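Reading through the structure tokens given below for one structure.
The values are calculated or read from the model by the stated rules, or taken from the named source; none is laboratory data. Owing to the predicted nature of the structure, the values given are computational and were not obtained by experimental measurement. For neighbour counting, all protein chains shown are included, and Cβ atoms are generated from backbone atoms with ideal geometry for every residue, glycine included. Note: areas computed on protein heavy atoms with side chains; ligands, DNA, RNA excluded. Shrake-Rupley method; radii C 1.70, N 1.55, O 1.52, S 1.80 Å.
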Amino acid sequence: MKSLVWACVLSLITAAATDARMRRPRPIQVRMVAYVEQMVGGTRPDFTWVVSYRGKRYTLYVLKLDVLTGGITPLDIDAAVRMYAVKFQIAGDKKALERFVAAPPRQQVLMTGFIRLDTAARFFMLDSVDAAYLLTPAPTP
């Protein structure tokens with residue numbers, strides 16, 4: 001009888017642990033075109049987010065956000081972080097972080113990485129940050 005009780009307890013613990021693992025949020029792979037700190041006048045961003053890296057806050061003017069994996073939309077991501085003053089902590093690849101910090105004012109940048117929306121914190125893990133020259137239409141003469 002004792003072994004039956006222990007078997008039931010162990011199966012409940014195993015089921016609870018499995019359920020907790022299944023509910024753990026998965027990273028969302030994204031590609032984003034944005035301005036860091038300053039944007040070109042007359043531009044209307046889809047989202048304006050404040051992010052933090054090493055205690056310093058940066059304003060991101062998000063022009064385009066593409067979700068590459070996961071069943072979530074850019075509007076879902078914005079809704080999940082809307083209530084927070086600092087939307088994301090920035091982390092990731094060292095070179096990408098250096099490029100993010102050094103992004104010139106009023107220069108569009110193309111960022112790729114993973115967004116993680118945990119209950120305790122929100123992270124944007126950068127994989128790459130590059131100038132988005134090709135994404136900006138050429139001026140007409």
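Observations on the structure shown:
- Checked across segment 107-115, the condition of being among the small types (Gly, Ala, Ser) and closer than 15 Å to residue 31 by Cα holds for at least one residue.
- Residue ID - most open to solvent (accessible area, probe 1.4 Å), chosen from residues in segment 50-72 that are among the hydrophobic types (A, V, I, L, M, F, W, C) and within 13 Å of residue 32 (Cα to Cα): 68
- Meets criteria (surrounded by fewer than 19 Cβ atoms within 10 Å (Cβ to Cβ), at pLDDT 95 or above and of a type in the set (A, V, I, L, M)) for residue 75: yes
- The number of residues in segment 81-116 being farther than 17 Å from residue 34 by Cα and either open to solvent by 40 Å² or more (accessible area, probe 1.4 Å) or acidic (Asp, Glu) (or both) comes to 8.
- Subset of segment 26-42 that is assigned to a loop (DSSP other than H, G, I, E, B) and under 15 Å from the mean Cα position of the chain (by Cα) - its residue that is modelled with the highest pLDDT: 27
- Filter result for residue 124 (over 18 Å from residue 27 (Cα atoms) and open to solvent by less than 40 Å² (accessible area, probe 1.4 Å)): no
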